[in-house]
Each structure stands twice: as structure tokens, then as C-alpha cells.
Amino acid sequence: MLNEDLEQRKLFNKLYKITDQAIDKAVSFQDIDGLSASQNELIKECIKRILITAKKENDCKEVAVVLGENLDLGTEFGTEHGVDINSNPFIRDIIRLNEFNVVFHNHPSTQSFSVTDLGYFLDNKSIKVFGVVSNLGNVEILYRKYAINSDEFITTEGKLSLIFDSYIRSVDIKKLTSREIYKLGLRILSEFKSVGYYMHLN
């Protein structure tokens with residue numbers, strides 16, 4: 001997402017076609033604890049829209065969809081190697097004004113969250129649920145379970161930001177191979193898991 005490094009994506013250069021079975025699988029997860037029924041439905045709607053749109057309108061390449069409660073913030077089309085939500089100034093600016101935002105994008109391969117994805121999530125603290133769905137129907141999310149600006153929120157976000165920055169400063173990204181970059185992303189993702197921000201839905 002967000003124009004990920006081409007070399008990183010070459011590690012997972014298999015583009016899977018989206019099937020109806022994959023779409024059904026992607027929305028078959030149980031409701032997420034802590035969210036209302038309508039919020040869970042919003043997440044499923046977001047996932048379904050991404051896969052259908054990618055299949056019918058973007059040759060199964062990346063698509064991002066941004067939804068707020070009772071508000072469709074937009075859809076962005078990308079390539080096989082990324083999609084840049086920030087290229088749309090309306091989405092970029094208004095996403096910070098809503099209390100509940102759901103942002104999802106698909107990965108044509110089986111790749112999990114990238115380093116770029118994790119940085120985007122940390123930079124946009126108004127996003128409640130940020131997810132990636134593979135073209136095979138696997139869904140992973142980053143979920144902010146604390147109320148924004150609560151003590152728990154501030155502590156957790158501060159911890160994750162420090163950890164993220166320390167990982168990035170510890171390496172020269174430009175000198176890493178695609179496999180090393182991916183492994184770096186997985187190490188950072190493990191920190192999100194440790195604070196309860198990560199879920200694999202199916």
C-alpha cells in the first residue's frame with residue numbers, strides 16, 4: 001500500500017485472481033468484540049466492496065476503500081504493487097475528522113502488512129480499523145481498541161511509535177533485500193500483536 005517498494009512486492013509477485021468463494025470467505029468472520037453490530041457490518045461491507053471492485057474494475061489489482069459510519073469517504077485504485085490513499089486530498093483530510101473510520105485494501109498476493117502499511121496506520125490515529133485482505137480472502141486487521149486520547153490510547157500509541165522508529169533507525173532500508181524488508185515488517189507487526197492491536201480474522 002502507499003506505493004510500496006517494488007522489490008518488496010516482487011517477493012510476492014503472484015497475482016491471484018479473485019473468486020466468489022474468496023469474497024464469501026473474506027466476510028465470514030465472527031463479529032469483532034468491542035464493536036457494535038453496525039460497525040462490524042461496515043467492516044464486512046468495506047471488505048466485500050474492495051474485492052468486488054478489484055475483480056470487476058481493476059483486474060484484481062490493489063484497491064483501497066475508506067468508510068466512516070454513515071459516510072462513504074471514497075475508493076482509490078492502485079496497481080499490482082500499491083495504492084496511495086493520500087493521493088486523494090479529500091480522503092486524506094476528512095479521515096481525520098471522523099470518530100470511526102474503516103480503511104481496507106487488498107493485496108493481490110498473500111503478503112501481510114508491509115512496513116509502509118504499519119507506518120501509515122501509526123500516522124493516522126483516527127483510523128479505528130485498518131485492514132488488508134488478500135485476493136484469496138484472508139483478512140488481517142489492526143484495531144485500535146482504546147478510545148482516542150484516553151490514557152491507554154496515548155500510552156499504547158506512544159510505545160508503538162517509539163518501537164517503529166527504533167526498528168527503522170536500526171537499518172538502512174535502501175540496502176535491505178526484499179526478503180529482509182518483509183522480515184522487518186513482520187518483526188514490527190509482532191509488536192502490534194503484543195499490545196493487542198492485531199487480529200487475523202480468517
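Label separation (Glu41 vs Glu99): 1.9 nm, computed from points 7 Å beyond Cα along the C-beta direction. Would you work out what percent of the accessible area of region 95-134, with all protein chains in place, is carbon or sulfur (probe 1.4 Å)? Ligands and nucleic acids excluded, carbon and sulfur give 45 percent.
Within the shell of other residues whose beta carbon sits under 13 angstrom from the beta carbon of Asp20, the net charge comes to +4, with Lys and Arg scored +1 and Asp and Glu -1. Between Ser150 and Thr177, the simple label model (points 7 Å from Cα in the Cβ direction) yields a spacing of 4.4 nm. The GluC sites (Glu not before Pro) of region 51-115 that meet both conditions, a loop assignment by DSSP and at most 12 other Cβ atoms within 10 Å of the site Cβ, are Glu99. Here, P(r) means the percent of Cα pairs in each 5 Å bin from 0 to the largest distance; for region 122-185 it is 3, 14, 18, 19, 18, 17, 9, 2.
Placing R0 at 30 angstrom, the Cβ-Cβ distance between Arg187 and Glu69 gives a FRET efficiency of 0.35 after rounding to 0.05. Taking the alpha-carbon centroid of each part, what is the distance from region 128-154 to region 97-117 in angstrom? Between the Cα centre of region 128-154 and that of region 97-117, the gap is 9 Å. Around the amide H of Val83, modelled in the peptide plane, lie the amide H atoms of Leu2, Asn3, Glu4, all under 5 Å away and 5 or more residues distant in sequence or on another chain. If r is the Cβ-Cβ distance from Asn86 to Asp165 and R0 is 22 Å, what FRET efficiency results, to the nearest 0.05? Once rounded, the FRET efficiency stands at 0.65. DSSP finds beta bridges in the chain, and of those with both partners inside it, around 75 percent are antiparallel. For Lys14, the lysines whose Cα falls under 28 Å of its own Cα, not counting residues fewer than eight places away in the same chain, are Lys25, Lys44, Lys48, Lys55, Lys56, Lys61, Lys174, Lys175, Lys183, Lys193. Sequentially through region 90-107, phi angles give Karplus couplings (6.51, -1.76, 1.60; θ = phi - 60°) of 5, 5, 4, 7, 6, 4, 7, 9, 9, 7, 9, 10, 10, 10, 10, 8, 9, 10 Hz, Gly and Pro residues having no value and appearing as x. At a probe radius of 1.4 angstrom, the accessible area of the chain per residue rounds to 47 square angstrom. Which far-off residues, 5 or more places away or on another chain, put their amide H under 5 Å from the one on Leu201, with H placed in the peptide plane? Those lying under 5 Å, H to H, from Leu201 are Val139, Glu140, Ile141.
The values are calculated or read from the model by the stated rules, or taken from the named source; none is laboratory data. Since this is a predicted model, take the numbers as computed values, not measurements. Positions of Cβ are backbone-derived with ideal geometry, glycine not excepted, and every protein chain shown enters the neighbour counts. Note: areas computed on protein heavy atoms with side chains; ligands, DNA, RNA excluded. Shrake-Rupley method; radii C 1.70, N 1.55, O 1.52, S 1.80 Å.
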